[in-house]
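The values are calculated or read from the model by the stated rules, or taken from the named source; none is laboratory data. From a predicted model like this one, the values you see are computed outputs, not experimental measurements. Cβ: placed from backbone, ideal geometry, glycine included. Neighbour counts: every protein chain shown.
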Amino acid sequence: MFLQFFVLSLFVLYAQAKEENDLHVVFDKNSKQFFEKNEVSMIFFYTPQCGHCERFQPEVEKAAKQLKEEGFVFAKVDGHNYKDIAKQFEVTGYPSVILSQEHGKKYKKFEGPRTSDSVIMWMYEQLNEGTKELKTIQQIKDKISQSQLMYLYMAQNDEDRGFRRYKDYSHAYENLEFYHTFLENAQLELGFGPTDSLVAFKKYDKSPVVYQPKQIKVADLKAFIETNWFQRLQEYNEDVAKKIFKQDRSTLILLVDETQMKDRNAHDALKSISLDHPHEDHLLFIKCSVTNQLFPELQKQIGDFSGTPALFGLQKYGVYKYKFNQAFTKQNLDQFILDFKNGKAQKHYKSQKLDNPIYSENVEILTGNSYQRIINSPEDWVVFYYNSFDSEHLTLLPEYAEIAKQLAQISKVKFAIADVTQNEFSDFSDPTDIYKIRLYKGNKNYTKFIQKVNKIQRERLINFIKEHSNHEFHDDRKGNHRDDL
């Protein structure tokens, strides 16, 4: 919804327009292709010797970074060396920022303060109409009855600070209805409190949603708009995925099979809570049905294949995961949401789907789910951590299995492998440019095997295991060995 038409521009961007700090570098040889591919773009014109340009560029880069997340293309042009492009947009002074529309056939020059926020808001104002004034109570009621979704700001006058922020931000959204009124009795006539200023009216929800914070802050305003432009419990899609995995939005996500009664009950319970939940904590409520084409990929990203219904809390670009493991009652859900927001919910670790957990006769394949059993085991376990995208790591697995087979004949030490690309392990966050090996000796105690190359030094590894294991080894070369380190 949020400037969706820009998303296409991002994906069709001409490949040779390289990117520097989120700004696409445009010059004579690629300018034609750039404007053919991008219906709308922003362009920063500068010259290398310009001090004002140098001071303005960090603000332009901040604006480019923010707009890139919405799929918008921001370019830069050296106007001194590429005068024909500057002439095309009638640029005579530097620095200049131009909004290009209709593939460069239509354009406007930015004239505001040289800050990232000013650049962004100016662009929004050029592209979207923004809020409209309603001058009578009847006009307001008519709009409410006609609209699927509308936002209404009730202010005393146009000097209201909150209204000015609302007005600016209303330009940022395409195809949303924003209105305002300066009627003195608007709150009373519409049944709101005297301090209520911003309200979302949604046909599909049971009652209007009132913006609760006392002050209009940009982050809260954005959250209020975005959490109300759909039903509170939204269906998972590519735009939602970006918010979760690229924009760090705290999210509750429900995996459901809506042909099942228990799943429908879980859905209704979460939906009921979502409607009453305050928007200012910026929490997204999402559902993903098994019929959604993105369901398999989402399941893999979360790393849970235990079935539906399943509810997860995701934070920090989806890195931190928490799983709900109780009955879907209001009390249980409320407590889970509270624990999730406070970081006290039960952590969930990404776990790959395995048809067979056995790599070889003597080597078990660990997942995020089975890992805890191993590291808490009273037995000795040797764990080989590897990156399944690294061909060097994969070539070492057969040799590791041979060592496991050899030592299994003379001791009770057990062996496992752990793929860090498809799983998350509770106590492991080491880099895996080089494979890692740990020997666990019960109660999460372990000793690291130190190596600096992606090769298995067979005798050295065997001696390490014998030296640090709590088990005895029955072989001719060393006799009975026990080391209780």
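Residue by residue, here is whether (1) touching a helix residue (DSSP H, G or I) at 6+ places or on another chain (Cβ under 6 Å); (2) part of a helix (DSSP H, G or I) holds:
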residue	(1), (2)
304	no, no
318	yes, no
322	yes, no
334	no, yes
338	no, yes
369	no, no
374	no, yes
393	no, yes
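Select from the stretch 78-107 the residues that are closer than 12 Å to residue 44 by Cα and part of a strand (DSSP E or B) and list them in ascending order.
Within the stretch 78-107, 78, 96, 97, 98, 99, 100 meet the criteria.
For the stretch 197-215, state whether one or more residues are crowded, with 17+ Cβ neighbours inside 10 Å and of a type in the set (Gly, Ala, Ser).
Yes: the stretch 197-215 contains one or more residues that are crowded, with 17+ Cβ neighbours inside 10 Å and of a type in the set (Gly, Ala, Ser).
Does residue 353 fit the bill of being under 13 Å from residue 419 (Cβ atoms) and not in a helix (DSSP H, G or I)?
Against the criterion (under 13 Å from residue 419 (Cβ atoms) and not in a helix (DSSP H, G or I)), residue 353 qualifies.
Within the set of pairs 6+ apart or on separate chains, which have a first residue in the stretch 295-307 that is in the same structural domain as residue 324 (by TED's automatic domain parsing) and closer than 18 Å to residue 260 by Cα, a second that is of a type in the set (A, V, I, L, M) and crowded, with 17+ Cβ neighbours inside 10 Å, and C-beta atoms under 9 Å apart?
Note: pairs meeting the criteria are 295/255; 307/255.
How about the stretch 246-265: which of its residues are surrounded by fewer than 16 Cβ atoms within 10 Å (Cβ to Cβ) and either in a strand (DSSP E or B) or not charged (D, E, K, R) (or both)?
Listed by number, the residues that qualify are 247, 259, 260, 261, 265.
Could you grab me the full set of residues in the stretch 154-175 that are surrounded by fewer than 18 Cβ atoms within 10 Å (Cβ to Cβ) and free of Cβ contacts under 8 Å to residues at least 40 places away in the same chain?
156, 157, 158, 159, 164
When you scan the stretch 356-365, how many residues do you find that are charged (D, E, K, R) and either over 30 Å from residue 409 (Cα atoms) or not in a loop (DSSP other than H, G, I, E, B) (or both)?
Here the count works out to 1.
Just a yes or no: is a residue in the stretch 28-43 farther than 27 Å from residue 174 by Cα and touching a residue at least 40 places away in the same chain (Cβ under 8 Å)?
Yes.
Within the stretch 422-455, restricting attention to residues that are under 30 Å from residue 299 (Cβ atoms) and small (Gly, Ala, Ser), which residue is modelled with the highest pLDDT?
By that ranking, first place goes to 426.
Would you point out the residue of the stretch 396-412, among those that are within 25 Å of residue 350 (Cβ to Cβ) and surrounded by fewer than 20 Cβ atoms within 10 Å (Cβ to Cβ), that is farthest from the chain's Cα centre (by Cα)?
401
Do you know which residues across the stretch 230-253 are aromatic (Phe, Trp, Tyr) and touching a strand residue (DSSP E or B) at 6+ places or on another chain (Cβ under 6 Å)? Steps first, answer last, please.
Taking the stretch 230-253 first, the residues aromatic (Phe, Trp, Tyr) are 230, 236, 245.
Listed by number, the list holds a single entry, 236.
Please go through the stretch 106-153 and pick out each residue that is among the hydroxyl-bearing types (Ser, Thr, Tyr) and surrounded by fewer than 13 Cβ atoms within 10 Å (Cβ to Cβ).
136, 145
Quick one: how many residues across the stretch 34-79 are polar (S, T, N, Q) and either buried (at least 22 other Cβ atoms within 10 Å of the Cβ) or not assigned by TED's automatic domain parsing to the domain that holds residue 94 (or both)? Spell out the reasoning first.
So the first thing to find is which residues in the stretch 34-79 are polar (S, T, N, Q), and the list is 38, 41, 47, 49, 57, 66.
This time we only want the ones that are either buried (at least 22 other Cβ atoms within 10 Å of the Cβ) or not assigned by TED's automatic domain parsing to the domain that holds residue 94 (or both), so: 38, 41.
So the answer is 2.
Is it the case, given these coordinates, that residue 415 is surrounded by 20 or more Cβ atoms within 10 Å (Cβ to Cβ) and either at pLDDT 90 or above or not assigned by TED's automatic domain parsing to the domain that holds residue 316 (or both)?
Yes; evaluated as a whole, the condition is true for this residue.
Pick from the stretch 456-479 the residues that are part of a loop (DSSP other than H, G, I, E, B) and at pLDDT below 90: which of them is nearest to residue 376 (Cα to Cα)?
Just the residues of the stretch 456-479 that are part of a loop (DSSP other than H, G, I, E, B), to begin with: 456-457, 469-472, 476-478.
Next, from what is left, pick out any that are at pLDDT below 90: 470-472, 476-478.
Numbers: 470: 15, 471: 16, 472: 20, 476: 32, 477: 31, 478: 29 Å.
Step by step, filter the stretch 456-479, then rank; the result is 470.
For the stretch 231-243: of the residues being in a helix (DSSP H, G or I) and modelled with pLDDT of 85 or more, which is surrounded by the most Cβ atoms within 10 Å (Cβ to Cβ)?
Ranking the qualifying residues of the stretch 231-243, first place goes to 241.
Take the conditions within 30 Å of residue 201 (Cα to Cα), of a type in the set (S, T, N, Q) and surrounded by fewer than 16 Cβ atoms within 10 Å (Cβ to Cβ) and apply them to residue 228. Does it pass? Full working, then the answer.
On the way: within 30 Å of residue 201 (Cα to Cα): yes; of a type in the set (S, T, N, Q): yes; surrounded by fewer than 16 Cβ atoms within 10 Å (Cβ to Cβ): no.
No: the conditions fail for residue 228.
Of the numbered conditions (1) at negative phi; (2) touching a residue at least 40 places away in the same chain (Cβ under 8 Å), residue 118 satisfies every one except a single condition; which is it?
(2)
Determine whether the stretch 372-389 contains at least one residue that is under 20 Å from residue 440 (Cβ atoms), outside the structural domain of residue 408 (by TED's automatic domain parsing), touching a strand residue (DSSP E or B) at 6+ places or on another chain (Cβ under 8 Å) and in contact (Cβ under 8 Å) with a residue 24 or more places away in the chain.
No, there is no match, as no residue in the stretch 372-389 is under 20 Å from residue 440 (Cβ atoms), outside the structural domain of residue 408 (by TED's automatic domain parsing), touching a strand residue (DSSP E or B) at 6+ places or on another chain (Cβ under 8 Å) and in contact (Cβ under 8 Å) with a residue 24 or more places away in the chain.
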